[in-house]
1. Assuming R0 = 56 Å, can you tell me the calculated FRET efficiency for the pair B:Leu416 and A:Ala191, based on Cβ-Cβ distance, to the nearest 0.05?
2. For a test of the definition: using alpha carbon positions, the gyration tensor, and the 1.5 limit on a/c, classify segment B:483-539 as rounded, prolate or oblate.
3. Say a site is exposed when it is one of the trypsin sites (Lys or Arg not before Pro), sits in a DSSP loop, and has at most 14 other Cβ atoms within 10 Å; what is then the longest site-free stretch of chain A?
4. Helix B:68-77 versus the longest principal axis of chain B: what is the Cα-based angle in degrees, 0 to 90, to the nearest 10?
5. Counting other Cβ atoms within 10 Å, which GluC sites (Glu not before Pro) in segment B:50-126 have at most 14 and lie in a DSSP loop?
6. In the structure shown, do any of A:Lys161/A:Lys188; A:Lys158/A:Lys184; A:Lys74/B:Lys496; A:Lys74/A:Lys96; A:Lys158/A:Lys188 have a Cα-Cα gap over 28 Å, and if so which?
7. Under the rule a/c < 1.5 gives rounded, and otherwise a/b versus b/c splits prolate from oblate, where does the protein assembly as shown land using the Cα gyration tensor?
8. Calculate how steeply helix B:320-347 sits against the longest principal axis of the alpha-carbon atoms of chain B, using the helix alpha-carbon long axis, and give the answer as 0 to 90 degrees to the nearest 10.
Amino acid sequence: MQSEPTVYVVDDDEPIRDSLRMLLRSAGLPVETFASAQQFLAAYTPPAPGCLLVDVRMPGMSGLELQELLAARKIALPVIIITGHGHVAMAVRAMKAGAADFVEKPFDDELLLECIRRTLARDADTRRRQSRSSESTQRLAALTPREREIMEHLVAGKSNKAIAADLGISARTVEVHRARIMEKLEAKSLADVVRIALSS
Amino acid sequence: MIPASIRILLVEDNPADARLVELGLVETDSGRFRVTRAERLSEALGLLRENAYDAVLLDLSLTDSHGLDTVSRVIEADPAVPIIVLSGLHDTELALQAVQSGAQDYLVKGESGGELISRSVRYAIQRKHAETELRRAHDELERRVAERTADLLETNTRLQREIESRHRAEDVLREEHGFISAVLDTLDALVVVLDRGGRIVSFNRAFAETTGYALAEAHGEDFWSLFLVPEEAKPVLAVFDALTASGRPSRNENRLRARDGATRLIAWSNTVLHGERGEVAYAIGTGIDITERRQAEDRERQRLLEIAHVARLSTMGEMATELAHEINQPLTAIAAYSDACVRQLRSGSSHQEEIIEALERIGTQARRAGEIIRRVRSYVRKEESPRTRMDINELVREVVHLAEAEARWRGVGIELDLAGTLPPLTADRILIEQVLLNLVRNAIEAMDDVAPDERRVLIRTSAGGDAAIEVAVRDSGPGLAPELVEQVFTPFFTTKPSGMGLGLSISQSIVEAHGGRLWAAANEPCGAVFQFSLPADAR
Ligand SMILES: Nc1ncnc2c1ncn2[C@@H]1O[C@H](COP(=O)(O)OP(=O)(O)OP(=O)(O)O)[C@@H](O)[C@H]1O
């Protein structure tokens, strides 16, 4: 599976798959279509980026069931649920279960494309953040327990003097630890330290 | 006539007188007379009984009899023998009386010589003979007359009897005629007799009461102009012509117009009456007023139609979600194709081939949506559809289209096994469609608890025996407990939380209104089979 973000369309109705493929391609989006949830699961290799456009009503496995299955397998592919016109209850259920968005049939092409683009952007963002957070976690792992303790006080916004008083050590020692922490976390400022600590 | 030898019985108690007579006879004609003598009457009567005598010479005063009585007793003993009375001088008077009462002659004793006696005897014999002859002739005549009279009498009685029996027959006929018209008048059925020209000859009380006409005023009138509504005159005339031409009994229904303009619907049985030469002389119609019955039937049918319509609406209500989804699918595809086309054309990056293909697909999808709407609309139509020739296989396909969405949604596969050739069927299309859809939906709904890949419905059409068409809907659901096989058809029986329990009962009424039958049974190896048969059109 290519790493280019792709729209995965899952719908049991052939004309809908075919028309969506044409529409999304006209808008310059890479598309792959599947007639059932099972077909999609067999073809998709995580963690390929993109989003899933799935009909909520399908024989066999429904859109909601597919969404739950992905969540259970910890596959972080955003899901856009397609509902029939006026099926608000279904849409609400899908959103509560973690769907990225929902669209109603028949589609307004502007709204649909906007929804897809927004979801793809968010997916890309998430992936970026995810990769960032895994870096931070690695760096944080290099800290000693004492250094981690002092970092938490720093993130909480305390001064060196306050930290020294709290821990019953000299302000000088806090100074040395702080320099070591900034070095290990590759942080140029206290703000960097705070961001890395929170993104993990 | 005088026998050669003349036997004489001489009855005389006086021997001297007797001797004198004997002597006189012998001396006149010796040897000719043979005389037997008796002294008493009793002796004489005994002799007369035992022997034949040509004449009796009788003294009237005997020891055991006197006078005329003596004569009559001799006549009594032998009526054919001539009697000559012998009398004394002093009683010639008595002798004359004796002659009057049957004796031939009398002789006075002592005065009559042999010559006289002899002659008297001869004459007496001859007279008596003539008398006897005369009597015989007379008797013969009498007998003939009596015979003839008897003949006449018999003829007469015969005639009498004949006349009587004819009278009786006429009475019986008259009675019978009165009887028959009395019987006809007690009938609730209408009876009318027309001649070959369609003129009214007779009708009964029921006919008179129904039409408001008395026979006297309608007699000889044209049946058509008096009693029929104009639109029906032609078809009824055709029935009459066929009847009188063939003489074969027939049936028809038509309205009868009463004097006040009201009409009644009559079901007629028509026959003919032949004349003496075997020709059709009269047409007889026997009719039953079915106005009320037909109205009741119409109301009943109307009620069924209304209930069925409500049930169809409610079914469509239940199926609304699926149907909306079904219609939304092609609309969604159409919108997406057309948006795509616009985008491609705007951006100038369009491929003509792709655009044409998309436009073709738009057309297909538009028709797909139209079909669904057409099906639903035709299904919920209210007005009674006329019974039409229909193809049951086509109807099955139509129903499968309607139920497809629900079946797909519930993961049920529908298989068809449709007979190649079926006898023609005329029925109310929508009602039969309703029965089928109801059975198919019940089958689909019965399989919620069955493993997904074992949910199957099989619809089979076949030509049943007795010129019938059979449709069977089989499922692989839980089937029916034996006690439910009948019960499921009762109104309001349901096992579904939101079911009305009317589907099967309405379906059964519909099938029965078409003269068919709907029943349930166990399917093999599992599930239920609901099937119905409808009579095919008579060919
Ligand atoms: N194929 C079937 N298999 C098993 N049970 C059936 C089947 N078809 C009908 N039944 C039983 O017969 C009952 C009556 O059916 P019916 O169609 O008359 O009404 P319903 O479907 O229950 O309600 P509604 O009139 O609202 O459709 C059902 O509730 C069900 O219990």
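1. Working: r = 73 Å, r/R0 = 1.30.
Efficiency, from the Cβ-Cβ distance: 0.15.
2. Because a/c hits 1.5 or more and a/b fails to exceed b/c, segment B:483-539 counts as oblate.
3. A:75-187
4. 50 degrees
5. In loop regions of segment B:50-126 (DSSP not H, G, I, E or B), the sparsely surrounded GluC sites (Glu not before Pro) are B:Glu111.
6. Details: A:Lys161/A:Lys188 21 Å; A:Lys158/A:Lys184 20 Å; A:Lys74/B:Lys496 39 Å; A:Lys74/A:Lys96 17 Å; A:Lys158/A:Lys188 18 Å.
Over 28 Å Cα-Cα: A:Lys74/B:Lys496.
7. Because a/c hits 1.5 or more and a/b exceeds b/c, the protein assembly as shown counts as prolate.
8. 40 degrees
The values are calculated or read from the model by the stated rules, or taken from the named source; none is laboratory data. These figures come from a predicted structure and were not determined experimentally. Counting neighbours? That spans all protein chains shown, and the Cβs are built from the backbone with ideal geometry, glycine included. With ligands, DNA and RNA removed, areas are computed over all heavy atoms of the protein, side chains included. Shrake-Rupley method; radii C 1.70, N 1.55, O 1.52, S 1.80 Å.
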